[in-house]
Amino acid sequence: QSQELSQVRIDYHAALQSLQEEGTRMVCTGKMHTDRICRFDYLCYSTEAEEFVFFHSNSSVMLPNLGSRRFQPALLDLSSVEDHNTQYFNFLELPAAALKFMPKPVFVPDVTLILNRFNPDNLMHIFHDDLLPIYYTMLLYPDLDQDARLVFMEGWNEGLHFDLYRLMSNKQPLLKEQLKNFGKLLCFTKSYVGLSKMTTWYQYGFVQPQGAKANILVSGMEIRQFTRFLMEKLNVSMEESSSGEEYIVVFSRTINRLILNEAELILGLAQEFQMKTVTVSLDDHSFADIVQIISRASMLVSMHGAQLVTSVFLPRGALVVELFPYAVNPDHYTPYKTLASLPGIDLQYVAWQNTNEENSMAFPDRPWDQGGIAHLEKAEQERIMKSKEVPQHLCCRNPEWLFRIYQDTKVDIPSLIEAIRQTVKTKLNLKKVKPAIVIHPGKVRDPKCQASVQGTNEARLTVSWQIPWNLKYLKVREVKYEVWIQEQGENTYMPYILPHQNYTFSENIKPFTTYLVWIRCFFNKTLLGPFADVLVCRT
Ligand code: UDP
């Protein structure tokens, strides 16, 4: 390891002199700790103190310079999970002069991205909290290129899927534990600290019950762009399969939350949809094989669980079928539904819930983290056993939730097929689904109004405009315009939908009155453009 760092030769004396004379320099984006990413020159880390260190000199820079607000609660979130108090980043301060009395710094020459992984043993967390945010944080800063170094500070070991993190750059990622091997004081020549949260779509329920994020900023296009990158790195071919045969994949769990009648399920699906049906599991297949298989499947069927994040590899038009154990309401646990519903990801989604308690196998005597409830009081155990639905709850250790979600399930095949048939009436057709590039109209141009007074009570307002500039380059099925007419000083307006580029309004138009007229174009019923500058029209 230590050899690897010193491969890139840097001028040690020049680096040390820079650090001593100029100290640390930091510039950040973001108004709050929750949307902040910082770039540093010469950010250091003491492996003894397990603290980052900012060295002050006459020419050090700290922007934002928050004073003590830097601790309220932190400078930034080190993971992509918002405002989680175990994921905060901050640094200690020292004068650069103190370097004279400290261990000799070891310089990390690579451009480094420093972050916390949130839960590197869970595939959903790996994709949603780490890989996607890392990929897009790296796109945000061009010097975080394929030679960038990732440093994971959360303190975990490699975790179950470290190979996936290795794909993000050509350099071996470093764990917090490994930093010790390099020395007592490490100084990152150039580093970025923090992760973009732009691509996350789910909140796990730390402050309110879990659910889709309130303001989702990612579309299927960016998710699929990332999965293409990953597939290339995994050497998974993106061609359609040579046979062109359609098939269904059942993603099975092997340790817990089992499908008890998997053979029957596979047979039932194959018969109903006249397709080959195969199973995969994280135990029996390499990750690359799973990606290869899923990327050509028409349907992915699985119990609720992290393995369902592999839906991102399904082709456009495919169907995700998520199975929920008894007493677990699918509407309350929607990470995969939200994913499958992102605009432009072009997946279909069906949830099925076991509503028959007899088809459910619970494990009250297992350890609490696998859903056991033997540690609870008798009355509480009985209440849970009798309950028909887990009440909504916060993350992460609600015993009733764990008890129910870790049940095994015998899937009632007819009811599952009926649920699927409500969404997929005839055939799943993957070939027809081409990515739809979403283009919004520009402003309408050259808006004009002309007023005429007809009598003491009658007036007319003729409004006209030109098409948006981008329209002449587009093939759009349906172009319409929305016009709002507002009497000056009133806070209501009359909205109109119009097919042409001019119209004469006479209803409700009064003489000797000033109207504000707002005009915008929209495509295909829902794709709204911006309003043109407001017209002021006096009758
Ligand atoms: N896992 C698995 N087989 C199992 C149980 C779990 O492969 O039988 C994987 C699962 O896909 C996830 C990790 O182990 O990546 C943690 O599973 P857990 O049940 O804790 O989380 P969940 O799937 O409910 O998010």
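The values are calculated or read from the model by the stated rules, or taken from the named source; none is laboratory data. Computed from a predicted model, the values in this text were never measured in an experiment. All Cβ positions, glycine included, derive from the backbone under ideal geometry; neighbour counts span all protein chains shown. Ligands, DNA and RNA are excluded from the accessible area calculation, which covers all protein heavy atoms including side chains. Shrake-Rupley method; radii C 1.70, N 1.55, O 1.52, S 1.80 Å.
Some observations on this one:
- Answer residue from the range 177-209, given it is over 25 Å from the mean Cα position of the chain (by Cα) and either part of a helix (DSSP H, G or I) or under 29 Å from Glu232 (Cα atoms) (or both) and is nearest to the ligand (Cβ to nearest atom) among those: Glu177
- For the range 461-475, residues that are surrounded by 16 or more Cβ atoms within 10 Å (Cβ to Cβ) and over 15 Å from Leu535 (Cα atoms) total 3.
- The range 282-294 residues that are assigned to a loop (DSSP other than H, G, I, E, B), paired with ones that are within 14 Å of the ligand (Cβ to nearest atom) and open to solvent by 50 Å² or more (accessible area, probe 1.4 Å) (beta carbon under 7 Å, 6 or more apart): Asp283/Thr254
- Taking first residues from the range 398-418 that are more than 14 Å from Phe363 (Cβ to Cβ) and partners that are within 13 Å of the ligand (Cβ to nearest atom) and of a type in the set (Gly, Ala, Ser), no Cβ contact under 8 Å between residues at least 6 apart in sequence or on separate chains turns up.
Here is a yes/no grid of residues against (1) at pLDDT 95 or above; (2) touching a Gly at 6+ places or on another chain (Cβ under 6 Å); (3) among the basic types (Lys, Arg):
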| residue | (1), (2), (3) |
| --- | --- |
| Lys425 | no, no, yes |
| Leu430 | no, yes, no |
| Arg445 | yes, no, yes |
| Val463 | yes, no, no |
| Leu474 | yes, no, no |
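- Screening the candidates Asp147, Asp163 for the property of being loosely packed, with under 15 Cβ neighbours inside 10 Å and touching a Phe, Trp or Tyr at 6+ places or on another chain (Cβ under 9 Å) yields one hit, Asp163.
- For Met361: the one exception among (1) of a type in the set (A, V, I, L, M, F, W, C); (2) surrounded by 20 or more Cβ atoms within 10 Å (Cβ to Cβ); (3) on the phi < 0 side of the Ramachandran plot: (2)
- Leading residue by the ranking (nearest to Leu258 (Cα to Cα)) among those in the range 398-437 that are open to solvent by less than 30 Å² (accessible area, probe 1.4 Å) and among the β-branched types (Val, Ile, Thr): Thr409
- Every condition in (1) part of a loop (DSSP other than H, G, I, E, B); (2) within 16 Å of the ligand (Cβ to nearest atom) is met by Pro103 except one, and the failing one is (2).
- Yes/no for Ser80 being open to solvent by 60 Å² or more (accessible area, probe 1.4 Å), modelled with pLDDT of 95 or more and either among the small types (Gly, Ala, Ser) or within 16 Å of the ligand (Cβ to nearest atom) (or both): no
- Residue match in the range 497-519 (condition: crowded, with 17+ Cβ neighbours inside 10 Å, within 22 Å of Ala436 (Cβ to Cβ) and touching a residue at least 12 places away in the same chain (Cβ under 8 Å)): no
- In the range 8-22 there is no residue matching the filter, namely being open to solvent by 30 Å² or more (accessible area, probe 1.4 Å) and closer than 30 Å to Cys395 by Cα.
- Among residues of the range 49-66, those that are open to solvent by 30 Å² or more (accessible area, probe 1.4 Å), within 16 Å of Lys184 (Cα to Cα) and within 31 Å of the chain's Cα centre (by Cα), counted: 2
- Enumeration of residues in the range 390-403 that are part of a helix (DSSP H, G or I) and within 12 Å of the ligand (Cβ to nearest atom): Trp401, Leu402
- Candidates in the range 369-389 are the residues that are surrounded by 15 or more Cβ atoms within 10 Å (Cβ to Cβ), assigned to a loop (DSSP other than H, G, I, E, B) and among the hydrophobic types (A, V, I, L, M, F, W, C); of these, the one that is farthest from the chain's Cα centre (by Cα) is Leu376.
- Residue in the range 296-305 that is open to solvent by 20 Å² or more (accessible area, probe 1.4 Å) and either among the aromatic types (Phe, Trp, Tyr) or more than 9 Å from the ligand (Cβ to nearest atom) (or both) present: yes
- Residue list for the range 247-281, filter: part of a strand (DSSP E or B), of a type in the set (A, V, I, L, M, F, W, C) and more than 16 Å from the ligand (Cβ to nearest atom): Ile248, Val278
- Pairs with Cβ under 8 Å, 6+ apart, first in the range 244-261 and open to solvent by 40 Å² or more (accessible area, probe 1.4 Å), second within 7 Å of the ligand (Cβ to nearest atom) and not in a loop (DSSP other than H, G, I, E, B): Arg253/Gln307
- Residue count for the range 106-125 satisfying the condition of being within 16 Å of the ligand (Cβ to nearest atom) and either at pLDDT below 95 or open to solvent by 10 Å² or more (accessible area, probe 1.4 Å) (or both): 5.
- Filter pass, Gln225 being within 16 Å of the ligand (Cβ to nearest atom), at negative phi and polar (S, T, N, Q): no
- Figure legend. Inter-residue proximity from the range 523-539: first residues without any contact (Cβ under 8 Å) to a residue 60 or more places away in the chain, second residues part of a loop (DSSP other than H, G, I, E, B) and surrounded by 13 or more Cβ atoms within 10 Å (Cβ to Cβ), beta-carbon distance below 8 Å, spacing 6+ or different chains. Indicated pairs: Asn524/Val476.
- The lone exception for His128 - which of (1) more than 16 Å from the ligand (Cβ to nearest atom); (2) crowded, with 20+ Cβ neighbours inside 10 Å; (3) not small (Gly, Ala, Ser) it fails: (1)
- Cross-chain or 6+ apart pairs with Cβ under 7 Å, the range 58-78 first and farther than 12 Å from Thr34 by Cα, then of a type in the set (Asp, Glu) and open to solvent by 50 Å² or more (accessible area, probe 1.4 Å): Ser59/Glu22; Ser60/Glu22
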